[in-house]
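Student: Got a structure for you, questions after.
The values are calculated or read from the model by the stated rules, or taken from the named source; none is laboratory data. On a predicted model such as this, the values are computed, not experimentally measured, just so you know. Using ideal geometry, Cβ is built from the backbone for each residue, glycine included, and neighbour counts are taken over all protein chains shown. Just so you know, the surface numbers come from the protein's heavy atoms only, side chains and all, with ligands and any DNA or RNA stripped out. Shrake-Rupley method; radii C 1.70, N 1.55, O 1.52, S 1.80 Å.
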Amino acid sequence: MKKQRLVSGIQPTGKMHLGNYLGAVSNWVQLQHTYDAYFLIVDLHALTTVYDNPAKLREDKLNLAIDLLAAGIDPEACCLYYQSDVPEHSELHLILSMLTPLPWLERVPSYKSKLQDLQEKDLNTYGFLGYPVLQAADIMLFNAQHVPVGEDQLPHLELAREIARRFNHLYKTDFFCEPQAQLTHFPVLPGLDGRKMSKSYGNTIPISASEEAVTKSVMSMLTDPNRKRRYDPGNPDICPVFAYHKIYNTKDRISVINQTCKTAELGCVDCKKELAATLNATLAEFRINRTRIANDIGEVQNILKKGAQKARNEAAKTLQNVRILIGL
Ligand code: AMP
Ligand code: TRP
């Protein structure tokens, strides 16, 4: 039986963090064997915010490729590549931009919130507004039904479905399917400050961080703000450190931590030390893989080039149909 198509992407705008891993990439690793899967390092999307720093983009792209491979993306099972190596993404984006009404883009929640969050950057650009159109093109280029992402991407997927529907309606076709999101069990991981973990908030734990750096980050995490002194009882339900224990610790330990925080038997420093040790143990295998992969950059580049070639073959078929349907 023919496998169903699946597409997802991640931006090379800084280091891949635990939120990316839990919210998206861990799911990719699971799904790559059951689907015809395409995973994109979306360097063109990254340009919408880091268009002024080519050296950083170059470095982040390569590091992200290494992180993804070390996390378990298997180039034999799926197709991994840099988005800009497949120019068909740009062509479909341009075509879709012709039929996407401006108000659809202006009302995307991440548009306004990112403008707010990144006020030091000039994001009043044509490309930044069109970010979700490029994402729709990524998905529609493979006519993918499935898109494994974190919760923050749901409005972008809604828009991708609207664009696909509009295309089908305008050209009296049923060519494009309507892509659906696949969420993980951890759709939103909090960052060190309790807000969503995000590269733009500077509150991340990079998956490639050293043991010392992980420990330092965990020790700096915010806890229950009402627990000011060591012997004040804590409220684990509002503590980001406890949110992590719930993900990474065993059932029995979670329940002990929950109890002993509430009775103030367990202090925040010890609770954090335990979390740092648990996280470091979880990341041990990843670190070994990463060192091995980073030793052969030539091989990483080969994998990406091969991925792009396969993607181009498939993408060309979609574009050929699109060009006919729209009368080019
Ligand atoms: P980005 O780093 O914005 O390219 O995100 C790549 C993927 O990671 C997307 O599917 C996001 O939804 C997901 N993601 C990013 N941050 C988080 C987070 N804090 N918790 C869960 N998923 C996240
Ligand atoms: N916008 C996504 C993010 O920031 C990245 C992305 C680009 C993507 N193209 C995609 C995700 C296609 C899923 C499918 O996380």
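Student: For ILE303, state whether it is within 30 Å of GLU212 (Cα to Cα), touching a Leu at 6+ places or on another chain (Cβ under 7 Å) and part of a helix (DSSP H, G or I).
Tutor: Judged against the criteria, ILE303 is not a match.
Student: Restricted to the range 19-50, and to residues that are open to solvent by 50 Å² or more (accessible area, probe 1.4 Å) and touching a residue at least 40 places away in the same chain (Cβ under 8 Å), which residue is nearest to the chain's Cα centre (by Cα)?
Tutor: Among them, the one singled out is TYR21.
Student: Report yes if some residue within the range 201-219 is more than 30 Å from ASN289 (Cβ to Cβ), assigned to a loop (DSSP other than H, G, I, E, B) and either within 16 Å of ligand 2 (Cβ to nearest atom) or within 25 Å of the chain's Cα centre (by Cα) (or both); otherwise report no.
Tutor: No, that holds for no residue.
Yes/no per residue for (1) among the basic types (Lys, Arg); (2) outside the structural domain of LEU319 (by TED's automatic domain parsing):
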residue: ALA136; (1), (2): no, no
residue: MET140; (1), (2): no, no
residue: GLU151; (1), (2): no, no
residue: ARG161; (1), (2): yes, no
residue: ARG165; (1), (2): yes, no
residue: TYR171; (1), (2): no, no
residue: MET197; (1), (2): no, yes
residue: GLU212; (1), (2): no, yes
residue: VAL218; (1), (2): no, yes
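Student: Give me the residue from the range 1-12 that is assigned to a loop (DSSP other than H, G, I, E, B) and modelled with pLDDT of 95 or more and, out of that set, least open to solvent (accessible area, probe 1.4 Å).
Tutor: To start, the set of residues in the range 1-12 that are assigned to a loop (DSSP other than H, G, I, E, B) comprises 1-4, 11-12.
Now drop any that are not modelled with pLDDT of 95 or more, which leaves 4, 11-12.
On the way: GLN4: 87, GLN11: 33, PRO12: 0 Å².
Only one residue tops the list, namely PRO12.
Student: Turning to a different aspect of this structure: So, ALA55, is that one away from ligand 2 (no atom under 11 Å from the Cβ), assigned by TED's automatic domain parsing to the domain that holds GLU314 and in a helix (DSSP H, G or I) or not?
Tutor: yes
Student: If I ask for residues that are small (Gly, Ala, Ser) and more than 18 Å from the chain's Cα centre (by Cα), which ones from the range 107-147 would you list? Write out each step before concluding.
Tutor: As a first pass, look at the range 107-147 and keep what is small (Gly, Ala, Ser): 110, 113, 127, 130, 136-137, 144.
Of everything in the range 107-147, those that are small (Gly, Ala, Ser) and more than 18 Å from the chain's Cα centre (by Cα) turn out to be GLY127, GLY130.
Student: Please verify whether LEU80 is touching a Gly at 6+ places or on another chain (Cβ under 6 Å), open to solvent by less than 10 Å² (accessible area, probe 1.4 Å) and either within 16 Å of ligand 1 (Cβ to nearest atom) or under 19 Å from SER208 (Cβ atoms) (or both), treating the condition exactly as stated.
Tutor: yes
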